[in-house]
1. Over all directions, what mean area does the Cα convex hull of region 51-176 project, stated in square nanometres?
2. Among the listed pairs Lys48/Lys166; Lys52/Lys166; Lys97/Lys140; Lys50/Lys78; Lys78/Lys110; Lys110/Lys160, give every one whose C-alpha distance is greater than 25 Å.
3. Could you give the length gained by full extension between Arg147 and Thr173, i.e. 0.36 nm per residue of separation minus their alpha carbon distance, to one decimal place?
4. Using the Karplus curve 6.51 cos²θ - 1.76 cosθ + 1.60 with θ = phi - 60°, what ³J(HN,Hα) values do you get for each residue of region 95-111, in whole Hz, with x for Gly and Pro?
Amino acid sequence: MAEAEAVKQQEKAEEAKVEASPASEKPKKAARPKRKASKKVGTAIVVKSKRKRSIARGVGKPGSGIIRINGANVMTLKPEEHRQTILRPVYFNDITKGIAYGLDININVKGGGISGQAQASGSVIAKLISSFAGSDTVRKEYMRYDRNLLIDDARRVEPKKFLGPKARARNQTSYR
């Protein structure tokens with residue numbers, strides 16, 4: 001009888017070892033692949049950009065050089081200053097001009113004001129041109145000229161808190 005109990009205890013000890021070993025050896029997490037700024041869909045590339053409260057999503061595909069923002073041709077947009085902000089990545093140099101004239105770009109922009117929308121649209125165009133360039137030279141030139149053309153600005157408006165008119169301002173106190 002003592003031998004049977006010893007065998008049972010030995011079997012329980014072996015089962016405990018088998019159950020404990022997988023728990024103590026945690027499987028290693030697989031490294032996430034680095035997230036790309038653009039996504040290829042066939043021959044088209046989809047890109048997004050944010051500026052202030054504006055969000056712009058653009059699709060670029062080989063074509064005749066037409067740029068549309070919310071369905072309207074970019075050359076018909078007013079005021080002139082915002083059109084120049086949008087087209088700044090196109091007229092940056094001769095290489096970018098040549099790449100842009102071979103692309104059809106459709107951009108959907110929503111949110112924010114007209115200035116933020118123009119800057120977000122320009123950023124989408126710059127990202128599309130740099131991804132269609134095929135080499136890293138255009139991207140490096142954009143980064144040296146203006147980093148915000150390729151990298152979204154992470155700053156956002158701070159939300160309003162209670163006990164005051166704005167995020168940080170407080171009501172003036174009066175003692176009489």
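1. For region 51-176, the mean projected area of the Cα convex hull comes to 10.4 nm².
2. Result: Lys48/Lys166 exceed 25 Å.
3. Gain on extension, Arg147 to Thr173, equals 5.0 nm.
4. Running phi through 6.51 cos²θ - 1.76 cosθ + 1.60 with θ = phi - 60° gives 5, 5, 4, x, 5, 5, 6, x, 10, 9, 10, 10, 10, 10, 10, 8, x Hz.
Laboratory data are not the source of any read-out in this text; all were calculated from the coordinates shown. None of these values were measured; they are calculated from a predicted model.
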